[in-house]
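Read the figures in this text as sums done on the coordinates, not as results from a lab. As the structure is a computational prediction, the values presented were derived from the model and not from experiment. Every residue, glycine among them, receives a Cβ derived from its backbone with ideal geometry; neighbour counts consider all protein chains shown.
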Amino acid sequence: MKLSTKGRYGVRAMIELALRYGEGPIALKNVAESQSISDHYLEQLMGSLRKAGLVVSVRGAQGGYMLNKEPGNIRLSNIIRALEGPIAPVDCVTDEPGEEICEQMDTCVARGAWLRLRNAMVEVLDNITLQDLVEETKNIKEDETDNYMYYI
């Protein structure tokens, strides 16, 4: 399974908002510049994230977007589902309730493997929060500054 740019860019934008959590609304332009994402595309992603209740938008001169919950309460699975839809390698094992997708669903031997794969993906994405990624980002930035050599 390969995530589209929606999922990848959406996660990056959410990390940016998480890094600035508590600062109030962040202008979309600032998030786009910081993450090298087109303003227009980011606006579309934010619409989906807003509909999912993950971000709120504030209008006006000091407006922008901010997380609707603390970074520790937003899981990667929430973001991926909001942007990509159900987490499933194939349609017959979607974690969303709905119609039967395949006539052979009940007798398909491969379906067990697809279910295990789906469950593993969900488990990983459910166990990573934005706060985890914020801490990892801070560690990376610390490592980068530790690598500089200063000469006098």
* To do: Report, in debye and to the nearest 20, how large the dipole of the stretch 5-146 comes out about its Cα centre when Lys and Arg carry +1 and Asp and Glu carry -1 on their Cβ.
  => 440 debye
* Using a Gaussian network model of the chain with C-alpha springs under 10 Å, which one of Leu28, Leu49, Leu115 is most mobile by mean-square fluctuation? -> Leu115
* Asked: Anyone know which of Lys69, Lys138, Lys29 comes out most mobile in the 10 Å Cα GNM of the chain?
  -> Lys138
* To do: Mind counting lysine pairs for me in the chain? Cα separation below 21 Å, and the two need to be 8 or more apart along the chain or on different chains.
  => 6
* Asked: Which of Met66, Met46, Met105 moves the most in a Gaussian network model of the chain with Cα springs under 10 Å?
  -> Met105
* To do: With just the Cα atoms of the chain, tell me how far they stretch along each of the three principal axes, in Å, largest first.
  => 70, 44, 26
